[in-house]
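Asks: Below: one structure in structure tokens.
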Amino acid sequence: MHIDSDVSKHLRELAENARAASRTLARSTAEQRNAGLHAMAAALRAAAPDVLAANADDLAASRTNDAFRDRLTLTVPRMEAIAQGLEDIAALPDPLGRT
């Protein structure tokens, strides 16, 4: 099917991009990786209103059971927990280069 080949192509491209990104991350410094984590947290907080609105639209269009919908539902506290989790990861000792 044409759709299956498009999906396969897209997944292959995503995997190739992930591999390239992993090489870049492996060459970066701990400070650069931590700055990236902090930047992601800040971007998530800044985009929260748009993300929450899009999530509400997605949930309104979905036809899933309540338990699944609950897992998919984003709230301000959940968004903040995700952002805080990124900052918590940045505060951990750097795992790269350890054996």
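Any read-out appearing in this document is the output of simple, stated calculations on the displayed coordinates, not a laboratory observation. These numbers were taken from a predicted model, which means no experiment stands behind them. Every residue, glycine among them, receives a Cβ derived from its backbone with ideal geometry; neighbour counts consider all protein chains shown.
Asks: Ordered by residue, what ³J(HN,Hα) values in Hz, to whole numbers, does the range 27-41 give under the Karplus form 6.51 cos²θ - 1.76 cosθ + 1.60, where θ = phi - 60° and Gly and Pro are x?
Replies: Running phi through 6.51 cos²θ - 1.76 cosθ + 1.60 with θ = phi - 60° gives 8, 7, 7, 4, 4, 5, 5, 5, 4, x, 5, 5, 5, 5, 4 Hz.
Asks: Still on this structure, I have one more. Would you compute, for the Cα atoms of the chain, the largest minus smallest coordinate along each principal axis and list the three values in descending order, in whole Å?
Replies: In descending order, the Cα extents are 45, 41, 25 Å.
Asks: Of all the stretches in the chain, which is the longest one without any exposed loop site, taking trypsin sites (Lys or Arg not before Pro) in a DSSP loop (any state but H, G, I, E, B) with at most 11 other Cβ atoms within 10 Å?
Replies: 1-62
Asks: Under a no-solvent Debye model with one identical scatterer per Cα of the range 1-54, what's log10 I(q)/I(0) at q = 0.13, 0.22, 0.23 Å⁻¹?
Replies: Relative scattering, expressed as log10 I(q)/I(0), comes to -0.58, -0.87, -0.87.
Asks: Tell me the net charge near residue 15. Cut-off is 14 Å between Cβ atoms, residue 15 excluded, with +1 for each Lys or Arg and -1 for each Asp or Glu.
Replies: Here the count lands on +2.
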